[in-house]
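This report refers to the structure that appears directly beneath it.
The values are calculated or read from the model by the stated rules, or taken from the named source; none is laboratory data. This structure is a prediction, so every number in the text was calculated from the model and none was measured. Note that each Cβ is placed from the backbone with ideal geometry, even for glycine, and that neighbours are counted across all protein chains shown. The protein model used for the area step is the full one, side chains on, heavy atoms only, and it has no ligands, DNA or RNA in it. Shrake-Rupley method; radii C 1.70, N 1.55, O 1.52, S 1.80 Å.
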Amino acid sequence: MKNKQLLFVYNEKSGKGSIRNYLADVVDLFTQNGFDVLTHPTQSRGDAEHFVQEHAGDADAVVCSGGDGTLDEVVNAIMNVRPHLPVGYIPSGSTNDFATSLSLSKNPVEAARDIMVGDIYRCDVGAFNGTYFVYVAAFGLFTDVSYQTDQNLKNSLGYLAYILEAGKRLMNIPVFHLRIEVEGQVLEGNYCYGMITNSRSVGGMKNITGNDIDMNDGLFEVTLVHTPVTPLDMNEIATSILTGDYHSNLVENFKAAAVTIEATGDIDWTLDGEYGGKHRVAAVVNCHKALRLYLNRRKSVPLVENQAPLKALAKTFE
């Protein structure tokens with residue numbers, strides 16, 4: 001019987017480059033489980049997406065190792081070429097928000113073993129003006145931190161590197177006049193930040209997206225921050241976001257399946273921590289359960305708070 005084919009794409013520069021120490025063990029594990037493995041170390045931004053697009057037609061599975069940006073590229077390729085092809089993720093980046101949200105193992109060999117269990121979790125994916133994102137689309141204050149921070153600094157300092165880079169932005173708070181359409185309602189005003197998420201962690205900070213996060217309920221968590229006018233406003237905004245208490249009039253937080261945001265001019269967006277281009281209008285739609293993700297259900301924590309593990313996972317796995 002012919003072996004199945006697995007594409008293994010990895011970014012050896014991601015995080016501290018630790019994946020290089022585990023490559024032989026990971027590939028051997030895939031081989032033991034009946035896969036012929038085609039490996040590819042990414043060479044530049046966009047390389048993972050191009051490789052998967054070229055080879056996905058003959059593959060039975062795709063596994064990627066790197067940060068959230070690497071996963072973003074792979075998912076974009078899959079969604080455009082073979083949406084039903086299952087994907088495994090071995091996180092090795094500096095923050096790994098998506099992996100944190102799903103409690104994926106940070107140990108590459110253990111993560112590979114969990115992938116080989118073969119359980120499929122159907123996860124929502126975001127569509128953004130013709131492209132895709134896995135867990136966050138954001139604009140405004142701090143959103144360029146992830147892709148502007150030097151890779152060597154991230155490798156040396158990890159999450160602290162993001163904090164240092166973010167501190168540079170506090171003296172230049174942007175003002176965007178926006179018109180926001182969501183479920184037949186219209187919001188309009190001045191905003192300095194916004195994020196549309198499907199995650200429990202953003203920028204390494206847990207639970208800032210709200211409560212009761214379910215990553216395959218067909219809904220995004222949307223957070224919009226009005227531009228502060230006084231130092232007291234800034235303090236109120238920071239408290240609201242960091243505590244997850246969204247009773248402030250300066251911060252709006254709600255769930256939605258689709259959002260359209262129109263600005264008076266082009267604004268920069270970030271998709272999964274990578275630069276997503278300039279857009280005057282952003283049409284964002286939740287692709288319900290579009291991603292087939294390998295996730296070991298016997299080790300996963302509840303994906304919805306306050307539910308027993310098996311009950312919470314039973315309806316989300318095939």
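Before moving on, here are some points about what is shown:
- The Cβ shell under 12 Å around LEU187 holds other residues with a net charge of -4, Lys and Arg each +1, Asp and Glu each -1.
- Rounded accessible area of ARG292 (nearest 10 Å², 1.4 Å probe): 50 Å²
- Out of every Cα-Cα pair that the stretch 239-289 contains, those further apart than 12 angstrom amount to 74 percent.
- A probe of 1.4 angstrom, applied to the heavy atoms of all protein chains, finds HIS288 with accessible area near 100 square angstrom.
- Violating pairs (Cα-Cα greater than 30 angstrom) within the set LYS13/LYS255; LYS206/LYS289; LYS16/LYS255: LYS13/LYS255; LYS16/LYS255
- Separation of the ALA238 and VAL117 label points, Cα + 7 Å toward Cβ, nm: 4.0 nm
- Think of a 1.4 Å ball rolled over the protein heavy atoms: the stretch 49-140 then has 28 Å² of accessible area per residue.
- The stretch 1-94, accessible surface, carbon-and-sulfur percent (1.4 angstrom probe): 42 percent
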